[in-house]
Structures are given as C-alpha cells and as structure tokens.
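The values are calculated or read from the model by the stated rules, or taken from the named source; none is laboratory data. None of the values given here were measured: they were computed from a predicted structure. As a convention, Cβ positions derive from the backbone with ideal geometry for all residues, glycine included, and neighbour counts pool all protein chains shown.
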Amino acid sequence: MTGGESLADSHLLINGSFIAGEGPSRDVFDPSTGEVHVRWPDASLAQVDAAVGAAARAFPVWRDSTQDRRSAALRAIAQDLLDRRDELAEALTRETGRVLTRNGLYVDMAAAVFRQYAELTRIDAGRLAPSNDPGQLSMVPRVPYGVVAALIPFNYPLLLLTFKVAPALAAGNTVVVKPAPETPLSLQLLAEIFAAHLPAGVLNTVRGGVEIGEALVGDPRVDLVAFTGSTGVGRRIAAACAANDTATHLELGGKDPALVFPDVDPVLAAEAVTWASFLNAGQVCTSTERVYVHRAVFDRFVERAVGLSEKLRVGDPFDPATQVGPMRTERGRARVLSQIDAAVRAGAEVLVGGEAVDGPGFYLRPTVVTGVDHEMELMREETFGPVMPIMPFDDADEAFRLAADTPFGLGASLYTRDPELVERAYRELQVGTVWVNDPVVDNLAAPLGGMRASGNASEMGPEGLESFTRPRHVHWNLGLTRKDWWFREE
C-alpha cells in the first residue's frame, strides 16, 4: 500500500459500512510505470449477495423519500466532488494514466452531472394523458426500476460512473457499483462521499473480476444492469440478463468514422481528427477510429496529421507538458500493435508511430496509417488505442458508403460547410451522435449513446434520466360507476 490512504482505505461500502474485501488480493498497476501501485482484496461472492440485499432493502425507503431529500443529497455529493477535486484528479491519473491536466476538468464535469440531475428530477415526473371519458384521469408517471447494477469501464471510471449513478439515484433507484478491476482507486474516494450523504444501502460497492461481475449481473434481485464496455462483454451480459428478465442499459464499443470533405481547410481538419484519435491515448468509445478524406485534399490532410502526431509529447501523465499518456493495460497495447502489424502485412503503411515506447509503462506512440482497406481488422474492429488509419474517397456517395460499412453505431464526425451533407449524415448514418467540425464533444444537456452493436442506452440529458425510469400507466375512474359494457344478468 502507498501512503496517504483515505479513511475507507481499500474497503467496500456495503449497507452504509466500510468492510474489508474477503476475496483474493488483486494487483492494481500504475500504467505509467508498469509497477504495482496497490494490492487490494476483491469482494467475495457472499459480499456481492450482501451488497445486492442491502440495495434491495433500501429501495422502498429511498424510492418513497421526497424529491427534495434526494435532490439535496445529489447537490451535497456534487459539492464534495469539487472540494476533493485534487485528490480525485490525482487518483484518476494514477489509475488511468490520463494526463492530470484533464482529470481536474472531468471532476468538474462529474459534479455538474450530479447538480443537473438533482434539478431535472424536481421538474418532471411523467405526464397526464388525455382521458377516455369525463371523471377519469390517465396518469403516466415515470418510476424507478429498483436495484441498479452499475458496471464501470477502466477508461473513464469517474465520469461513466457519474453518468449512471447520478440519474439512477435522482430517480429513486438504489445502486451497486462494480468498477473495472484495473481502476478501483477513485471509487474509494467516491464511496466516502456517498456514505456521507446517502442512507445505508442506497449505494454499495463491490470489486473484482469476471466472477464478481457475473454474480452481480445474475442476481435476480437486480432490476437493471447498466454497463459500459466492449460489445462482446455487453452481449454476454444481455444474454445473462435475459434469463432473469432483467432490463439492460448498455453503452458498448464503437468504430467511429470521420469524413473530411474538400470544402474545409484540410490542415484544420487534420488537427481536429488528431485530437479525436489520440485523446486519452485513443481509449475513448467515441474516438475517431476510421478517417476518410476526399482525394483532392488527402495529401495535405495526411501531411499535417503526420507532422502533428510525430511532435505530440508522450510521457508521464503527471507532467503538465505531457499530451498523451500511457495505455491502461499491457494487454490492450499488445492488441493494438497486433492490429497494426496485421494491417502492414496486408499492405498498409505506417507513416508515424506504430511502436511501443522504450522503457517502463504501457506507452504507445501515436500512429498514422495509410494504404488501409475494409478487409483489415484495423478498419473493422474496435482498436481502442492511439491509431489513425486514413483512406481517400472520390465523392460523397463513396464516403457515406464507407462510413456505414460497420456493425457499430456510436458516432460519426463530419468536416464540411455543406448543410446538405450534414443533413444527409444525420438522416442516413445509424449512429447516436453526429459531430460537425467539432469532434468528441459531450454536452450534458444532450444524450450520448449508440445503435446496433454500440448498445441500447442513452446517457446524459433528460434522456439519461429516462433511461433509469420506466413508464407506468395509472387509469383512475374517480368514482365507482357501472359501465355499459360490463356483464349483466339477463
């Protein structure tokens, strides 16, 4: 263990108490050094059972508490996030390898999400439908699911937790959180914050790998499983949930295209795509992973992308000068290198990068690749690393055909001033988000989610709140009066 642990140390939060994990110990590696940062015990299967049981018992009380009470708790959580901003940012940097200068911004964003849902739930709880007849009411309240299992990925362990936990709590659900095994550190600080402002059992934490995740997902007392991660794991979760008729909220993988048309400055477009490809070392579900550039501006685009990429400062995420930190895991880096190697063997050309950085840590140089096609895994499967493969196109029809040639449907970026191309993109492309001239931007007031192999969920905005509720129809005849169509004695 390192010095300076919080009061919760490595403990789990179950039913309002911090308790030691009873499972096997797990090494948590610092991706910037490759060394073990902490060694913490996982939860046991019995502790998963206890966490779900605590959430189930707490649900009726939390559901029936006033909205003022729930909203006040969320506002207090938001303030504590800001008060502990530096601690959280440091924990995020240590566990993810993302540069410290960005993690403070993500803490601010997380606090804003809690504040947003504290207020959204105060103004809308459903609707009143037109009644069939006078003397009747048809109410459609939106009600919480019950116990929500929130499974959080390693790339954004604070934000993607917040996107689930804040609306779930605001709507009256109780929650059991399981972080990715690689990134448990920030949750320890969050658990202290949750414990200070929520009744016992409303928010519980467990920790572990596949066995713990399967136990949580498969518990019949769980009413909704909210998961962000790979499409393959999401499909297995969906199958497990189907066995118990458990609802799912899945935000899955992506293979987002960028289309660069000749009516924009290719130099500026290259700078935008470089950002979208290499932010967080490419470990963003909405990263640009396929780039299609009109042949008329292809050479200028590639020249700028290569020139900028080779100058990016890759290194220690705690160094303010660093622009790209390490990948989170050695296995993830190996998978990206394998995709690059396979593409090169099939005829692609690496113009910059394409190799691990010598020394400790899981660093991979930002990589630009040309000579690619859709026969290559690099253009078909999610890469989740700092790689920018670029293909030319000759006209808009070809560009849209290439963009649509994927089972994924998370997002797409366009670089153009032509409104007809923008309209065509959001009409034709089966994606959850279309960015125009400004990639990988989140708006807390608008939904983020995908289609097809990219999931079935919406997070953020009013839609994110609705995802953690379901409609219920209440048909109320104000008095008991005989209806003409009831059975009568002859």
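Assorted remarks:
- Looking across region 227-256, the residues that are of a type in the set (K, R) and part of a helix (DSSP H, G or I) come down to R235, R236.
- Filtered residue count, region 169-189, keeping only those that are closer than 17 Å to M109 by Cα and in contact with a strand residue (DSSP E or B) (Cβ under 9 Å, 6 or more places away or on another chain): 1
- Close pairs (7 angstrom Cβ cut-off, 6 or more residues apart or separate chains): part of a strand (DSSP E or B) in region 200-213, among the aromatic types (F, W, Y) and modelled with pLDDT of 95 or more anywhere: L203/F194
- Only listed residue being buried (at least 21 other Cβ atoms within 10 Å of the Cβ) and closer than 30 Å to F362 by Cα, chosen from T101, T162: T162
- Residue within region 264-276 that is at pLDDT 95 or above, under 26 Å from T406 (Cβ atoms) and under 17 Å from the mean Cα position of the chain (by Cα) present: yes
- Where strands (runs of 3 or more DSSP E) fall entirely within region 1-111, those with at least 2 residues that are of a type outside the set (K, R) and in contact with a helix residue (DSSP H, G or I) (Cβ under 6 Å, 6 or more places away or on another chain) are at 12-14.
- Residue within region 439-447 that is over 23 Å from R102 (Cβ atoms) and aliphatic (A, V, I, L, M) present: no
- Restricting attention to region 437-487, the residues being touching a helix residue (DSSP H, G or I) at 6+ places or on another chain (Cβ under 8 Å) and within 25 Å of M109 (Cα to Cα) number 23.
- Pair list, Cβ under 9 Å, 6 or more apart: region 283-310 residue assigned by TED's automatic domain parsing to the domain that holds F261, other residue assigned to a strand (DSSP E or B) and of a type in the set (D, E): C285/E251; C285/D256; T286/D256; S287/D256; T288/D256; E289/D256; R290/D256
Here is a yes/no grid of residues against (1) at negative phi; (2) modelled with pLDDT of 95 or more; (3) more than 25 Å from the chain's Cα centre (by Cα); (4) of a type outside the set (S, T, Y):
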| residue | (1), (2), (3), (4) |
| --- | --- |
| T288 | yes, yes, no, no |
| D299 | yes, yes, yes, yes |
| Q323 | yes, yes, no, yes |
| E330 | yes, yes, no, yes |
| A334 | yes, yes, no, yes |
| L337 | yes, yes, no, yes |
| A346 | yes, yes, yes, yes |
| V368 | yes, yes, yes, yes |
| D373 | yes, yes, yes, yes |
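- Scope region 275-319; condition of a type in the set (F, W, Y), buried (at least 19 other Cβ atoms within 10 Å of the Cβ) and in a helix (DSSP H, G or I); matching residues: F278, F298, F301
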